[in-house]
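**Student:** First the structure, which I've put down as structure tokens, then a few questions once you've had a look.
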Amino acid sequence: MTPVPSGEPDIQCEGLVRIFAVADIEVQALQGLDLFVSRGELVALVGASGSGKSTLLAILSGLDMPTAGKAVVAGRDLPSLTSRDRVTYRRDVVGFVWQQTARNLLPYLSALENVELAAAIGRRPRAHERARRMLELVGAAELAERHPAELSGGQQQRVAIAVALVNEPRVLLADEPTGDLDEEASVEVLRTFERVNAELGTTALIVTHDPAVSEHVQRTVQIRDGRTSSEVLRWTHTDDEGRQHAMAEEFVVLDRVGRMQLPAGYMTSLDLRDRVRLQLQVDHVAVRPGHEGGASRPSSVGEEGADG
Ligand SMILES: Nc1ncnc2c1ncn2[C@@H]1O[C@H](COP(=O)(O)OP(=O)(O)OP(=O)(O)O)[C@@H](O)[C@H]1O
């Protein structure tokens, strides 16, 4: 596989399309999705049920192939990987944490044995020491000898993070890792993601419905109808007196050809539908309903400014 060029984002999706054919019907699960995640970033992906989150994760984890578009993870061009490359990719490049704890851990092995087994499959030397170190990192050192049935849901997910990271993957993918947990356990698991991201610098993408996630990540990306629609960026601002303030701002995602998604609430409140009028102002673009004042008249080719 090709070496990773430095400075490239760890996850690059451009114009990603995934169409499922069910009987005579085609379902467009991803409709030209763009997503870039830099090396070492911790990003949450949120979106309504059916918006395409799991489809994206299946592609990024090497389980599914896109119908069209670009998907590059840690320098690996996913659509062009052979089935053999795919095995190496899944073993060495990406780690996973799934919602269902049973999918993450083997029930008849202790926490430590689960992590050791993953290290052995990854053919890593000193599997035992590595596994112990990983359990320490996720705050589960004292749980090493317990079997999954003897651990709470949150503890199981922390051990699952140790399993996912023991082979030092470049990218960690998590699908609803807090989906089955109560609020307290969710926070504990999200803090663990923050800690491993800070200490190991692993790039992480967490798919979630959990509204608490945004406080634990640098960026929350919203996906709607198979495309990224908005992003919330978070940062810490230090004022003149040295006090630190948590800041957040939401942006709408604009792709390279100028497409964006208006928030559903804006469309409803101004009854924006079918077509709209755009007007270029000095420092912004105005969007107005296209169906007022005889507006539904189609503008002729070459007519400047649909606002007339
Ligand atoms: N194997 C499949 N065959 C047919 N349609 C599929 C398949 N997988 C997903 N879809 C469809 O693609 C769309 C996106 O589904 P996906 O599971 O990616 O959404 P999601 O955002 O992960 O939803 P949820 O939050 O409920 O898990 C949906 O309309 C879904 O019905």
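**Student:** Looking for whichever is within 14 Å of the chain's Cα centre (by Cα), more than 16 Å from the ligand (Cβ to nearest atom) and either outside the structural domain of Thr178 (by TED's automatic domain parsing) or small (Gly, Ala, Ser) (or both) here; the options are Gly52, Gly95, Gly75. Which one fits? Even if it seems obvious, please write down each step before you answer.
**Tutor:** On the way: Gly52 fails: more than 16 Å from the ligand (Cβ to nearest atom); Gly75 fails: within 14 Å of the chain's Cα centre (by Cα).
Result of the check over Gly52, Gly95, Gly75: Gly95.
**Student:** Does region 75-94 include one or more residues that are under 19 Å from Met134 (Cα atoms), modelled with pLDDT of 90 or more, open to solvent by less than 40 Å² (accessible area, probe 1.4 Å) and not small (Gly, Ala, Ser)?
**Tutor:** yes
To keep it simple, each residue is scored yes or no on (1) free of Cβ contacts under 8 Å to residues at least 12 places away in the same chain; (2) open to solvent by less than 10 Å² (accessible area, probe 1.4 Å); (3) not charged (D, E, K, R).
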position: Val138; (1), (2), (3): no, yes, yes
position: Leu151; (1), (2), (3): no, no, yes
position: Gln155; (1), (2), (3): no, no, yes
position: Arg170; (1), (2), (3): no, no, no
position: Leu181; (1), (2), (3): no, no, yes
position: Ala185; (1), (2), (3): no, no, yes
position: Leu190; (1), (2), (3): no, yes, yes
position: Ser214; (1), (2), (3): no, no, yes
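**Student:** Within region 169-190, restricting attention to residues that are part of a loop (DSSP other than H, G, I, E, B) and not hydrophobic (A, V, I, L, M, F, W, C), which residue is farthest from the ligand (Cβ to nearest atom)?
**Tutor:** Restricting attention to region 169-190, the residues satisfying the condition of being part of a loop (DSSP other than H, G, I, E, B) are 169-170, 176-182.
From what is left, the residues that are not hydrophobic (A, V, I, L, M, F, W, C) are 169-170, 176-180, 182.
Values: Pro169: 22, Arg170: 23, Glu176: 7, Pro177: 13, Thr178: 13, Gly179: 9, Asp180: 13, Asp182: 19 Å.
Ranking the candidates gives Arg170 first.
**Student:** To continue, here is another question. Can you tell me which residue among Ser83, Ser110, Ser61 is within 23 Å of Gly226 (Cα to Cα) and either more than 17 Å from the chain's Cα centre (by Cα) or polar (S, T, N, Q) (or both)?
**Tutor:** Working: Ser83 fails: within 23 Å of Gly226 (Cα to Cα); Ser110 fails: within 23 Å of Gly226 (Cα to Cα).
Just one listed residue meets the conditions, Ser61.
**Student:** With respect to Glu215, determine if the residue is in the same structural domain as Phe36 (by TED's automatic domain parsing) and more than 13 Å from the ligand (Cβ to nearest atom). Let's see the steps before the verdict.
**Tutor:** On the way: in the same structural domain as Phe36 (by TED's automatic domain parsing): yes; more than 13 Å from the ligand (Cβ to nearest atom): yes.
Yes; evaluated as a whole, the condition is true for this residue.
**Student:** Kindly indicate the residue of region 196-209 that is touching a helix residue (DSSP H, G or I) at 6+ places or on another chain (Cβ under 7 Å) and open to solvent by 20 Å² or more (accessible area, probe 1.4 Å) and also farthest from the ligand (Cβ to nearest atom) among those meeting that condition.
**Tutor:** Result: Glu199.
**Student:** Another one. Which condition number in (1) open to solvent by less than 80 Å² (accessible area, probe 1.4 Å); (2) more than 27 Å from Gly179 (Cα to Cα); (3) free of Cβ contacts under 8 Å to residues at least 40 places away in the same chain; (4) part of a strand (DSSP E or B) is the one that Phe20 fails?
**Tutor:** That leaves (2) as the condition not met.
The values are calculated or read from the model by the stated rules, or taken from the named source; none is laboratory data. Because the structure is a prediction, the values reported are computed rather than measured. Virtual Cβ from ideal backbone geometry, glycine too; neighbours counted across all protein chains shown. Calculation scope for accessible area: heavy atoms of the full protein, side chains included, ligands and nucleic acids excluded. Shrake-Rupley method; radii C 1.70, N 1.55, O 1.52, S 1.80 Å.
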